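The next block holds one structure in the form of structure tokens; read it before the comments.
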Amino acid sequence: MQNQFFSLLQSIFQKGLPFALSFVDDALLLAATRMGLHLPWLQWASTVLLIATVLYWTVRLLRFLYFKSLHV
């Protein structure tokens with residue numbers, strides 16, 4: 001029972017982390033813009049997070065397809 005809980009928690013963390021980081025980055029960018037601050041590294045962080053999220057989901061999809069092909 002405890003193992004299932006940790007497995008669920010790990011799954012939620014793995015799936016939610018890229019979205020949470022993206023949200024925090026966008027919130028910081030929006031807040032800085034509203035305060036009149038120009039932080040170019042935040043714009044680069046948005047690009048890096050987007051690329052990292054796409055790569056993460058690509059790897060997860062490829063792993064899923066690979067393991068699914070093993071069971072066929």
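The values are calculated or read from the model by the stated rules, or taken from the named source; none is laboratory data. Worth saying up front: this structure is predicted, and the values here are computed from it rather than measured. Neighbour counts are summed over all protein chains in view; Cβ atoms, including those assigned to glycine, are modelled from backbone coordinates with ideal geometry.
Condition first: in contact (Cβ under 8 Å) with a residue 12 or more places away in the chain, surrounded by 12 or more Cβ atoms within 10 Å (Cβ to Cβ) and either charged (D, E, K, R) or out of contact with any helix residue (DSSP H, G or I) (no Cβ under 7 Å at 6 or more places or on another chain) (or both). Can you find one or more residues in region 31-41 that meet it?
Going residue by residue through region 31-41, those that are in contact (Cβ under 8 Å) with a residue 12 or more places away in the chain are none.
The answer is no; no qualifying residue exists.
Are any residues in region 30-72 out of contact with any Leu (no Cβ under 7 Å at 6 or more places or on another chain), assigned to a helix (DSSP H, G or I) and of a type in the set (G, A, S), and if so, which ones?
A31, A45, A52, S69 - these are the residues of region 30-72 that are out of contact with any Leu (no Cβ under 7 Å at 6 or more places or on another chain), assigned to a helix (DSSP H, G or I) and of a type in the set (G, A, S).
Listed residues V54, V24; which is surrounded by 12 or more Cβ atoms within 10 Å (Cβ to Cβ), out of contact with any His (no Cβ under 8 Å at 6 or more places or on another chain) and at pLDDT 75 or above?
So the residue among V54, V24 that is surrounded by 12 or more Cβ atoms within 10 Å (Cβ to Cβ), out of contact with any His (no Cβ under 8 Å at 6 or more places or on another chain) and at pLDDT 75 or above is V24.
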